[in-house]
Each structure stands twice: as structure tokens, then as C-alpha cells.
1. Do the conditions hold for Pro145, that is, is it at pLDDT below 95 and either open to solvent by 20 Å² or more (accessible area, probe 1.4 Å) or not aromatic (Phe, Trp, Tyr) (or both)?
2. Based on what the data block shows, is Pro50 touching a helix residue (DSSP H, G or I) at 6+ places or on another chain (Cβ under 9 Å), under 27 Å from Ala184 (Cβ atoms) and surrounded by 14 or more Cβ atoms within 10 Å (Cβ to Cβ)?
3. I need the full set of residues from region 163-182 which are free of Cβ contacts under 8 Å to residues at least 12 places away in the same chain, open to solvent by less than 70 Å² (accessible area, probe 1.4 Å) and in a helix (DSSP H, G or I), in order please.
4. Pull out all pairs, ordered by first then second residue, where Cβ-Cβ is under 8 Å, the residues are six or more apart or on different chains, the first lies in region 106-121 and is open to solvent by 10 Å² or more (accessible area, probe 1.4 Å), and the second is among the β-branched types (Val, Ile, Thr) and assigned to a loop (DSSP other than H, G, I, E, B).
5. Among (1) open to solvent by less than 10 Å² (accessible area, probe 1.4 Å); (2) within 11 Å of the chain's Cα centre (by Cα); (3) in contact (Cβ under 8 Å) with a residue 60 or more places away in the chain, which single condition is Ala82 missing?
6. Here is a list of conditions, (1) over 29 Å from Arg113 (Cα atoms); (2) open to solvent by less than 20 Å² (accessible area, probe 1.4 Å); (3) without any contact (Cβ under 8 Å) to a residue 60 or more places away in the chain, and Glu76 meets all of them except one; can you say which number that is?
Amino acid sequence: MRGFETGRTVVRRDVHRSGRVWSELALRVVADTGEALVTACPPGAQARWPALYAQARAAGDRAVRTEAFDAMAAGEWDLAAAAWQETDLLLWKPPTSWFSVNAFFVPDGDGRRLRNWYVNFEHPTRRTEDGFDTLDLTVDLVVAPDLTGWEWKDEDEYAHVRRLGIVSDTEHRAVDAARGEVLAMLTERSGVFAQAERWGSWRWEPAWPAPCLPGPAAAAGRVAPEGG
């Protein structure tokens, strides 16, 4: 499959092993190389999210978020129209890696600044005509803007999805290996972190409108800005 042109709208889909879509987010292509597919979106980018998951984020109720994972395990969920909010997202996705590296930018005076890096552990890329498919495996690593510190996030939810069988033993081993790979990248300043200064100064192209999902326009909603 040919690479995606810079500026093109693509769709990231999280797809359950049943083949059902768990979430969708419209992005624009920043760069597409053999090393990584780099995409981005600003506030207002269209998305679809599991209704229970969106409810949990809006209410700040982690109990409802747990219900969303229970629904995922049962294969019974509905998607709600949504829109990305508050942060500019830059997403660096190596094709065969069990993670993506995300950067979140927030307003700072008249401009934007890098709030933090965010490593999302997920399935390797499966290219589609409209973008790429993966599956978020819930555990994440939050990294300081200057790469001097980091902390794990959602370990409790990862344990829960393991108990539910959403993450298999094979996937768990892949995630463990990916954790080590990412920590080595941080220590060695390799991979995307070898260009941390360059990517940390990235800014959304103002000539690009916020990307939309294909098909009927999604109604405005809310997706929490921190990802995973």
C-alpha cells in the first residue's frame, strides 16, 4: 500500500479482536516514512467513542469506565459521536511496534507548549485504505516534556482487562517487551526521542482544518485530551 500524503486525513481505529470498532479518531498526516507514520489533530477533530467510556470521562467516574471494559469483554457496546478537545495531538506510530508515542500541546500565551509525552501501548499498525487500525491495551507511560522523568498510568485497568481476557497472555508478553523497549529509548534518547527537540517544537499547520471522519459528520462531543 502506498504511503499517505502529508496533510491527508486518515482515521485511527481501535478494533477489537471480534472485528468491531471500539473507537475512531480523524487525524492528518504529518509524515509517512518507513520509520513511522506521524499524524496529528487539533481540538475539534471528529471521533467516535464507546458511549460508556465517554460517559465515564465526562463524569470523571472510573467505575463507569470499568463498566465500559466489561462491555468490551462481552462484545456489547455502542459508539457515541465525539470531538477531540483542549490539546493538539502529535502521534508517532512505528509500524511494527506495540506502542505509539504521543505528544500533547496546550495553550501558552499566544502559542502552544509541549505538556507531556504519552506512550500508548497498543497493537502494531494494520494499514487500511483510510488510515490504520490498532487496539489500545490500556496501560500507558506519561513522560515529562524534557524526558527527565516518567510514570506508569492505568496499571489497575490493565490488570482488569487482563482478568477479563481482553489482553491475552501473548499480548501481555508483547506489552512487557514493549515496555522495556520504550524505557531503553528514553534512557538512550533513541527512536522518536532522538528527535525530541524537533518534535517538541512542532506546531499544528494553521492552514489545515480540523479533520473529519468519513461519512455522515459526527455530532460534537468530548474526548478527554490525555488519550488512553
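The values are calculated or read from the model by the stated rules, or taken from the named source; none is laboratory data. Worth saying up front: this structure is predicted, and the values here are computed from it rather than measured. A quick note on method: Cβ atoms are made from the backbone with ideal geometry, for glycine too, and the neighbour counts reach across all protein chains shown. The protein model used for the area step is the full one, side chains on, heavy atoms only, and it has no ligands, DNA or RNA in it. Shrake-Rupley method; radii C 1.70, N 1.55, O 1.52, S 1.80 Å.
1. no
2. Answer is no for this residue.
3. Once the filter is applied, which keeps residues that are free of Cβ contacts under 8 Å to residues at least 12 places away in the same chain, open to solvent by less than 70 Å² (accessible area, probe 1.4 Å) and in a helix (DSSP H, G or I), region 163-182 yields His172, Gly180.
4. Pairs found: Val106/Thr87; Arg115/Thr87.
5. Here Ala82 clears every test but (2).
6. (2)
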